[in-house]
Amino acid sequence: MIKAQFGMFGAYDSLDKIEVKNTQNEAIIVSFKSTQLPPITLFVQTNASTAIISLVRYSDNATIAASLTNTVTDYGTYIRIKYAGETVEKKDEAYYYYKIVCGSETFYTDAFLLKDDVTGLFGVKVTCSDFSIGRKQEYEVDTTNTAYECYIRLFGYNGIEMQNEEDANEEDGEIKPYYTGISMYREFILEAREYIYKFLLSLRTLLVNGSLEVYYGGDTFYDVGDVTTELESASGDFDIVNIRFKFVANNDILTPINTI
């Protein structure tokens with residue numbers, strides 16, 4: 001039994017539960033570069049001490065990569081299975097899932113797309129320190145050598161909204177700032193599945209001790225902070241989720257350099 005999990009997609013105890021089985025909208029399934037296998041962490045109630053993780057092609061259930069290197073940590077009543085993800089030789093552009101065998105139990109992840117060209121998609125990459133899941137912080141996610149990088153279908157770009165902080169004096173009917181700084185929010189509408197909405201909601205927590213990069217239209221926004229994730233709309237029992245995603249990047253903040 002899975003007690004907790006973290007990643008950019010979910011894992012289940014049956015292949016029939018993975019999202020691609022329950023949607024007619026395969027285009028909004030999360031994507032990754034065809035040379036990068038994504039990470040996932042599971043906390044499983046079992047007596048098993050090892051796990052076997054395989055990369056399986058969804059179309060024909062063929063095993064493409066067997067025995068992916070993972071780490072199992074025993075906590076007594078449950079274990080943590082961590083696959084950190086890795087750079088691999090280019091895979092064919094197709095839908096894949098992970099099959100995770102742990103003792104007598106088998107788990108399957110949501111299908112994801114390995115894609116040759118991700119330039120038309122909206123990308124996020126977060127690296128962070130360890131964090132916990134649970135009311136009593138009982139499930140600790142080890143993020144050593146792990147980066148959470150994924151690409152999401154973009155529905156629209158709503159442009160820039162400015163906010164500023166200013167100190168000023170009034171002189172001869174004019175307001176003259178002696179200090180002002182501005183930052184620019186960029187707002188995007190993303191089209192995705194529920195699991196991506198959950199992942200994006202987690203970013204504010206991960207960024208307390210982490211960093212985020214955002215990719216859009218060939219541009220990279222470094223050191224992204226002040227991230228806001230909101231539900232724009234949903235349809236078909238969350239079959240399609242439109243997400244309002246706002247952020248301020250370090251390269252979108254302007255402040256003066258006072259010489260006096």
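Restricting the search to the stretch 119-144, which residues are among the small types (Gly, Ala, Ser) and touching a Gly at 6+ places or on another chain (Cβ under 9 Å)?
Gly120, Ser129
When you scan the stretch 107-122, do you find a residue that is more than 17 Å from the chain's Cα centre (by Cα) and closer than 21 Å to Tyr12 by Cβ, even just one?
yes
Filtering the stretch 57-96 down to residues that are more than 19 Å from Val30 (Cα to Cα) and touching a residue at least 40 places away in the same chain (Cβ under 8 Å), which residue is most open to solvent (accessible area, probe 1.4 Å)?
Ranking the candidates gives Glu89 first.
Name, by its number, the condition in (1) within 17 Å of the chain's Cα centre (by Cα); (2) free of Cβ contacts under 8 Å to residues at least 60 places away in the same chain that does not hold for Thr127.
With respect to (1) within 17 Å of the chain's Cα centre (by Cα); (2) free of Cβ contacts under 8 Å to residues at least 60 places away in the same chain, Thr127 is out only on (2).
Name the single residue, out of those in the stretch 37-56 being over 16 Å from Tyr12 (Cα atoms) and not hydrophobic (A, V, I, L, M, F, W, C), that is surrounded by the most Cβ atoms within 10 Å (Cβ to Cβ).
Pro38
Taking the stretch 100-152 as the region of interest, how many residues are among the polar types (S, T, N, Q) and within 17 Å of Ala84 (Cβ to Cβ)?
Number satisfying all stated conditions: 7.
The values are calculated or read from the model by the stated rules, or taken from the named source; none is laboratory data. The structure presented is a predicted model; accordingly, all values stated were derived computationally and were not measured. In this analysis, Cβ positions are derived from the backbone assuming ideal geometry, glycine residues included, and neighbour counts consider all displayed protein chains. With ligands, DNA and RNA removed, areas are computed over all heavy atoms of the protein, side chains included. Shrake-Rupley method; radii C 1.70, N 1.55, O 1.52, S 1.80 Å.
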